[in-house]
């Protein structure tokens, strides 16, 4: 693995950023290298203080990048996984299909174990596996070419979906609205525009103004490090707040809507997102503020009945104790509980915004109806 600083990003800083087009679009958070042998990602652990890129060409580095949140956000993880399994597949040196598939499956399952909650990881990897299984009569070289095309299509589809989500989300907002968001669901978490931040960035392009409160999002500070970074670069008015300030800004009447992303949505509409999201939803209901979850249909897991069936990733206690502190914040013997996500019950959700529109209650019935109307969107959680 090697890293290098992006000259384009430095130039953008020197010149100043006037719009989304001139700023954020110059930052490619995940892509395939020009020679198609490596996955190139923006190291999001280093943001906002450094814009550095990593080149990944082996299973261990791709796994670590996903697990360590160097690449993060459910759609971006799916894109990285698609490119990653292609890079690994092209390294398999055999013309025998059974040998190729056995090695492919081992690498695919290894990557799939990196993060259990974000459904797009499994969705993308299963989609790539489907390409292999559906083309067993072809040569291994031909299958590799098809995997390359599929990995690129995953990213292209994400761009189109995020644009559509942004349009539908923007229809729910008014010029001058105050918005509260939690964690990060902008271009860094996807390919372009993002999900929860997409309506704000699209609205800004069209001359609308919003006043955004970004929860810092402890313990890994995605709101402070990433959301504030993206919105500031795009020229959107953003105010950073501690997570425990959300109730006060709502009480003050400064918030007209809450927009959050999601890592997995159950068939009944329960939504898993960054830890603390459900607290925002409870506060929003109390203060009669609409609470919207934004994400592509690839984050809906119809094989998962309710939020109780979503596996919640537990992470290293040191993320709480010491990661962003000069010195540890508590005694070494103090125990820590560090779930990466929580589940917001569907009863607290005003609407789920997808590329096909806004899903409202009753969520179970309307989610099922969505997939009846778009059977091609069925999440490939199981092969």
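The values are calculated or read from the model by the stated rules, or taken from the named source; none is laboratory data. Everything numeric in this text was worked out from a predicted model, so none of it was measured. Please note: Cβ atoms are built from the backbone with ideal geometry, for glycine as well, and neighbour counts cover all protein chains shown.
Of everything in segment 223-258, what is under 14 Å from residue 288 (Cα atoms) and not in a helix (DSSP H, G or I)? Give them in sequence order. The answer is 252, 253, 254, 255, 256, 257, 258. With respect to residue 188, determine if the residue is surrounded by fewer than 24 Cβ atoms within 10 Å (Cβ to Cβ) and either in contact with a helix residue (DSSP H, G or I) (Cβ under 9 Å, 6 or more places away or on another chain) or assigned by TED's automatic domain parsing to the domain that holds residue 353 (or both). No; evaluated as a whole, the condition is false for this residue.
Is it true that residue 324 is in the same structural domain as residue 190 (by TED's automatic domain parsing), under 27 Å from residue 167 (Cα atoms) and either touching a residue at least 24 places away in the same chain (Cβ under 8 Å) or part of a loop (DSSP other than H, G, I, E, B) (or both)? No.
Taken together, the criteria place residue 277 among residues that are more than 14 Å from residue 199 (Cβ to Cβ), more than 11 Å from the chain's Cα centre (by Cα) and crowded, with 24+ Cβ neighbours inside 10 Å. The set of residues in segment 307-332 that are under 28 Å from residue 255 (Cβ atoms) and either in contact with a strand residue (DSSP E or B) (Cβ under 9 Å, 6 or more places away or on another chain) or buried (at least 21 other Cβ atoms within 10 Å of the Cβ) (or both) comprises 307, 310, 312. Among the residues of segment 81-126, how many are farther than 21 Å from residue 315 by Cα and in contact with a helix residue (DSSP H, G or I) (Cβ under 8 Å, 6 or more places away or on another chain)? Qualifying residue count for the region: 23. Considering 312, 352, 289, the condition of being in contact (Cβ under 8 Å) with a residue 12 or more places away in the chain, more than 22 Å from the chain's Cα centre (by Cα) and either closer than 30 Å to residue 247 by Cβ or assigned to a strand (DSSP E or B) (or both) is satisfied by 289 alone. Take the residues in segment 48-74 that are under 15 Å from residue 28 (Cβ atoms) and in contact with a helix residue (DSSP H, G or I) (Cβ under 6 Å, 6 or more places away or on another chain); name whichever of them is surrounded by the most Cβ atoms within 10 Å (Cβ to Cβ). Residue satisfying both the conditions and the ranking: 73. Residue 134 satisfies every condition listed in (1) within 19 Å of residue 85 (Cβ to Cβ); (2) at pLDDT 95 or above; (3) surrounded by 24 or more Cβ atoms within 10 Å (Cβ to Cβ) except (3). Please determine whether any residue of segment 166-183 is closer than 17 Å to residue 27 by Cβ and buried (at least 21 other Cβ atoms within 10 Å of the Cβ). Among the residues of segment 166-183, not one is closer than 17 Å to residue 27 by Cβ and buried (at least 21 other Cβ atoms within 10 Å of the Cβ), which makes the answer no. Looking for something on the phi > 0 side of the Ramachandran plot and assigned by TED's automatic domain parsing to the domain that holds residue 356 - is there at least one such residue anywhere in segment 152-172? No, segment 152-172 has no match at all. Going through (1) crowded, with 18+ Cβ neighbours inside 10 Å; (2) modelled with pLDDT of 95 or more; (3) over 18 Å from residue 249 (Cβ atoms) one by one, residue 215 falls short only on (3).
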